[in-house]
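Student: Following this message is one structure expressed as structure tokens.
The values are calculated or read from the model by the stated rules, or taken from the named source; none is laboratory data. Remember, predicted model here, so these are calculated numbers, not experimental data. Here the Cβ positions follow ideal geometry from the backbone for every residue, glycine too, while neighbour counts run over all protein chains shown.
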Amino acid sequence: MKIGIFSNPGQASAHVSNALRAKIRDEHLTFDNDHPDIVITVGGDGTLLTAFHHYQDQLASIRFVGIHTGHLGFYTDWRDYEVDELIDSLAHDNGQSVSYPLLDIDIEYNSGEHQSLLALNESTIKKVTGTMLANVYIKDQLFELFRGDGLCVSTPTGSTAYNKSAGGAVISSELDVVQVSEIASINNRVFRTLGSPIIISPTEWVRVEPVRLDENLMTCDQMTIENRSIKAVNFKISKQRIAFAQYRHTQFWKRVSESFIGVKPID
């Protein structure tokens, strides 16, 4: 089994990465950052997102493991002081994994060029200044005329991120759906929106056509696309998925409870 390490530049993460490399050698495991079977990310959720995009052409053959060196991460199951326990799990790996849905994004530029992107958390489309005006289609049928700050399209695991801040629902990671949430929509007699998040099935897609093609801002996880004339953006569930090594991968709703509520039973 080939193991890669993807770390943020922080001092704490560098210390953990060095310890991992030494213990990988001691266990006679193979270190390979180019074509790994397992990628260990060291840092937090931002580091894992960066690693996901770095290895997105190899998703079919890679499983991820996250170590957090700061605050509790949503995708990271291991703490920085648990390197020995993780190495033991790697040495006894039997291929166990859990996978989550991803988001396919197809951007049509006014020039006729297309750009395909893949998101683990979410994608947003906004206006750089002022409000965004857009026609929103579901499965090629006009659904609403949107006016507001923008739209957020998220995966189930990404539903706990920007989507939640925009008033979207938290969706179980076991559902193969994507969610569209409005960001500060404006409703009047001309522009009418549903006013609540919508859930899109695997057989459906969402198309957003900005009325004004310039001054639009697109994001895909941590990536930003600006200063491009966007004709339309199509969103749908991807056929690709991200896989995590299921040594002790925390159950989704436990993650949600620990991250946002921290509830304890009443005695």
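Student: May I ask you to verify whether Ile171 is modelled with pLDDT of 95 or more and surrounded by fewer than 21 Cβ atoms within 10 Å (Cβ to Cβ)?
Tutor: No: the conditions fail for Ile171.
Student: Okay, next question. From the list Leu59, Leu103, which residue is closer than 30 Å to Ser229 by Cβ and within 22 Å of the chain's Cα centre (by Cα)?
Tutor: Result of the check over Leu59, Leu103: Leu103.
Student: Are any of the residues in the stretch 79-93 at pLDDT below 90, in contact with a His (Cβ under 9 Å, 6 or more places away or on another chain) and not hydroxyl-bearing (Ser, Thr, Tyr)?
Tutor: yes
Student: Can I ask one more? From (1) within 20 Å of Leu20 (Cα to Cα); (2) under 15 Å from the mean Cα position of the chain (by Cα); (3) in a helix (DSSP H, G or I), pick out the condition that doesn't hold for Gly66.
Tutor: Among (1) within 20 Å of Leu20 (Cα to Cα); (2) under 15 Å from the mean Cα position of the chain (by Cα); (3) in a helix (DSSP H, G or I), the lone unmet condition for Gly66 is (3).
Student: Out of the stretch 10-24, which residues are under 26 Å from the mean Cα position of the chain (by Cα) and free of Cβ contacts under 8 Å to residues at least 40 places away in the same chain?
Tutor: Gln11, Ala14, Ser17
Student: Would you point out the residue of the stretch 196-221, among those that are in a loop (DSSP other than H, G, I, E, B) and touching a Ser or Thr at 6+ places or on another chain (Cβ under 7 Å), that is nearest to Lys127 (Cα to Cα)?
Tutor: Here the residue is Glu215.
Student: Sticking with this structure for a sec: Answer with yes or no whether Asp267 is more than 22 Å from the chain's Cα centre (by Cα), outside the structural domain of His114 (by TED's automatic domain parsing) and modelled with pLDDT under 95.
Tutor: yes
Student: Based on this model, can you work out whether Phe146 counts as crowded, with 21+ Cβ neighbours inside 10 Å and either over 30 Å from Asp57 (Cβ atoms) or assigned by TED's automatic domain parsing to the domain that holds Ile87 (or both)?
Tutor: Taking the combined requirement at face value, the residue satisfies it.
Student: So is Thr155 crowded, with 18+ Cβ neighbours inside 10 Å, within 18 Å of Glu122 (Cα to Cα) and modelled with pLDDT under 95 or not?
Tutor: No.
Student: OK, next. Condition test on Ser159, is it assigned by TED's automatic domain parsing to the domain that holds Ser229 and in contact with a helix residue (DSSP H, G or I) (Cβ under 6 Å, 6 or more places away or on another chain)?
Tutor: No: the conditions fail for Ser159.
Student: Considering every residue within the stretch 23-31, establish whether at least one is out of contact with any Pro (no Cβ under 8 Å at 6 or more places or on another chain) and under 20 Å from Ser173 (Cβ atoms).
Tutor: Checked the stretch 23-31: no residue is out of contact with any Pro (no Cβ under 8 Å at 6 or more places or on another chain) and under 20 Å from Ser173 (Cβ atoms).
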